[in-house]
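The values are calculated or read from the model by the stated rules, or taken from the named source; none is laboratory data. Quick caveat: nothing in here was measured; it's all calculated off a predicted structure. Don't worry about glycine lacking a Cβ; one is built from the backbone with ideal geometry, like all the others, and counts go over all protein chains shown. These accessible areas exclude ligands, DNA and RNA; they are computed on the full protein's heavy atoms, side chains included. Shrake-Rupley method; radii C 1.70, N 1.55, O 1.52, S 1.80 Å.
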Amino acid sequence: MLDNKSDAVKFINKALKIKLKEEEIEKYNSSFVSKIFQNQEADIVYKEKNKNIFFLIEQQTKIDYSMSYRILEYEMEIMKSAIDEKKIKNKSYKMPKVIPIVLYTGKRKWNAKTFIEDSQEKIEGLDIKLANYKIVDVNDFTEEELLKEDTLISKVMLLEKAKNSEEMENYLKKIIPKLANQDKEVMTRIVTIILSDK
């Protein structure tokens, strides 16, 4: 779904309360696999055109208490991939900026720290900020809000909220008539995946 730039930019705008246009971003094609998390990749990264500003979207179905550390690793890998080694020592050079968003669709309310310093050892009287991320928790949205949103992502978030097959069936009856034709094939694949997981 997030490969669809139109849906992705709407999701980014909603999560960050900004007003990016679809034509202002592009998919950043690279893989950011850390040495520690060999089997986990940053889900998707978009880049603002003509700027070294990146939007990292990480999807989670379970609470991960190491998330702030993982996000920090991903941020560093993206920054390293984008830094201009010839200009980095120039006073006017702007470092790449990574804005992480975690899309969480699990049943329990997200309760992991979003600021890594909240999980670190502390020195009394010293407050230094490090990496943090924006959380989009499916549990913060009502059925009405998710149905009202005009993105495929919001519809799948709603399906993830379904407690049983009957509730999912009721949601699908509300969702399917509103879907664009090109989204129906994607939704069919997604529903198959959700049902096999459940």
With the 1.4 Å probe rolled over protein heavy atoms, the chain has an accessible area per residue in Å² of 63 Å²
Cα-Cα over 31 Å: which of Lys47/Lys173; Lys5/Lys122; Lys14/Lys87; Lys5/Lys178; Lys109/Lys129; Lys89/Lys129?
Lys47/Lys173; Lys5/Lys122; Lys14/Lys87
Only one of the listed values, [x] 29, 21, 16; [y] 32, 21, 15; [z] 37, 19, 17, was derived from the coordinates as semi-axes √(5λ) of the Cα gyration tensor in Å; which label is it?
[y]
What is the packing order of peptides 5-12, 176-183, taking the mean over residues of other C-beta atoms within 10 Å and listing the highest first?
5-12, 176-183
Stretched out fully, how many nm does the piece from Asp118 to Gln182 gain, at 0.36 nm a residue minus the Cα gap?
18.7 nm
So, with a 1.4 angstrom probe, what is the percent of accessible area on the chain that is carbon and sulfur?
50 percent
Helix-derived [θ] at 222 nm for the chain: sum -39500 (n - 2.57) over DSSP H runs of at least 4, divide by residue count, nearest 500?
-11500 deg cm²/dmol
In nm, to one decimal, how far is the Lys163 label point from the Lys89 one, both placed 7 Å along Cα→Cβ?
6.3 nm
